[in-house]
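Participant: Questions regarding the structure given below will be posed in turn.
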Amino acid sequence: MVSLPLFLKTDKMKIIQKTGIGITVCTIAALMACNSTKNAATNGQSYVLNGAADSACYAIGISYGNGLKEQMKVFPGGGVNLDALAEGFLKAIRSDSLALLLTPEEAQAYIQAYIMGIQVKEAMAEKEKGEQFLAANKTQEGVITTESGLQYKIIKQGEGEIPTAEDQVKVHYTGKLLDGTTFDSSVQRGEPAVFGVKQVIPGWTEVLQLMPVGSKYEVWIPSELGYGTQGAGQMIKPNNVLNFEVELLEIVK
């Protein structure tokens, strides 16, 4: 969204900003210059804009519509019923409270309950998928499963010192989801990471204390040893099993 230049901000412009509508000075000037009547039929539309105020309102509708369209692409639980959305919007904006099927308070509570229900359902599905993967993966050749449920496979076994929980380490790593999507990689950044063994998720803390310096392991971290039911960022969802390739470069003294 385009912001107005600082030196052009006035009290009236602040009102526009508070509504969340970023309209450039050029756009405002164009709207002010509109003829008293603008017929959209020339563009294959039948709606008639009667003056600058109508044009501004129409522009606001386009702005909000485009923004909402992007949000609806990630609407949880399936497709969007645009008729229901438009009906609720128009009734609310016209203050037609008697025709509303929900009060504003009920609507807000329903949105929260709906989203939470979808999130719980998705988290349960991820949990089940992760458990099925780990059950199959532990039978693969070379995969070792620890008492905590952590799984790892030795790609290269180093001969150096093994870090303790109190140490700092330098590592290269690539983190992926089970579908192969990379969500983080020091290798791609071209710079190793340095951190305390206790400053990371439990699965990392555990596996680092199994690795001699110079080792490279592939690791599968159950969600309870990773980011749990909260997830992390946009890519790691609740209950995701995480797959890492970890190379322990050195213990930082």
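The values are calculated or read from the model by the stated rules, or taken from the named source; none is laboratory data. This structure is a prediction, so every number in the text was calculated from the model and none was measured. Here the Cβ positions follow ideal geometry from the backbone for every residue, glycine too, while neighbour counts run over all protein chains shown. These area figures cover heavy atoms from the full protein model, side chains too; ligands, DNA and RNA do not enter into them. Shrake-Rupley method; radii C 1.70, N 1.55, O 1.52, S 1.80 Å.
Participant: How many residues does the stretch 228-245 hold that are more than 12 Å from the chain's Cα centre (by Cα), closer than 21 Å to P76 by Cα and of a type in the set (V, I, T)?
Facilitator: Of the residues in that region, 1 qualify.
Participant: Here's a follow-up. Go through the stretch 73-94 and report how many residues are modelled with pLDDT under 85, surrounded by 10 or more Cβ atoms within 10 Å (Cβ to Cβ) and either in a helix (DSSP H, G or I) or of a type in the set (A, V, I, L, M) (or both).
Facilitator: 1
Participant: Out of the residues in the stretch 197-210 that are among the hydrophobic types (A, V, I, L, M, F, W, C) and over 22 Å from M235 (Cα atoms), state the one that is most open to solvent (accessible area, probe 1.4 Å).
Facilitator: Across the stretch 197-210, the extreme among qualifying residues is L210.
Participant: Pick from Q140, Q119, Q132: which is in contact (Cβ under 8 Å) with a residue 60 or more places away in the chain and either aliphatic (A, V, I, L, M) or open to solvent by 70 Å² or more (accessible area, probe 1.4 Å) (or both)?
Facilitator: Of Q140, Q119, Q132, the one residue that is in contact (Cβ under 8 Å) with a residue 60 or more places away in the chain and either aliphatic (A, V, I, L, M) or open to solvent by 70 Å² or more (accessible area, probe 1.4 Å) (or both) is Q119.
Participant: Please go through the stretch 100-109 and give me each residue that is in a helix (DSSP H, G or I) and either touching a Gly at 6+ places or on another chain (Cβ under 7 Å) or surrounded by fewer than 12 Cβ atoms within 10 Å (Cβ to Cβ) (or both), ordered by number.
Facilitator: P104, E105, E106, Q108
Participant: Right, next: List the pairs whose first member sits in the stretch 147-165 and is open to solvent by less than 70 Å² (accessible area, probe 1.4 Å), whose second member is at pLDDT 95 or above and part of a strand (DSSP E or B), and whose Cβ atoms are under 6 Å apart, counting only residues at least 6 apart or on separate chains?
Facilitator: Q151/V143; Q151/T145; Q151/W220; Y152/I144; Y152/Y217; Y152/V219; P163/V169; P163/I251
Participant: Still on this structure, I have one more. So which residues in the stretch 134-182 are over 15 Å from L208 (Cα atoms), part of a strand (DSSP E or B) and aliphatic (A, V, I, L, M)?
Facilitator: Across the stretch 134-182, the qualifying residue is only V143.
Participant: Something else: Mind counting the residues in the stretch 171-200 that are in contact (Cβ under 8 Å) with a residue 40 or more places away in the chain and in contact with a Leu (Cβ under 8 Å, 6 or more places away or on another chain)?
Facilitator: 7
Participant: Which is in contact with a strand residue (DSSP E or B) (Cβ under 9 Å, 6 or more places away or on another chain) and open to solvent by less than 50 Å² (accessible area, probe 1.4 Å), of V194, V219?
Facilitator: Step by step, each of V194, V219 is checked, and only V219 is in contact with a strand residue (DSSP E or B) (Cβ under 9 Å, 6 or more places away or on another chain) and open to solvent by less than 50 Å² (accessible area, probe 1.4 Å).
Participant: For residues in the stretch 44-103 being among the acidic types (D, E) and within 31 Å of the chain's Cα centre (by Cα), which is nearest to I115 (Cα to Cα)?
Facilitator: E70
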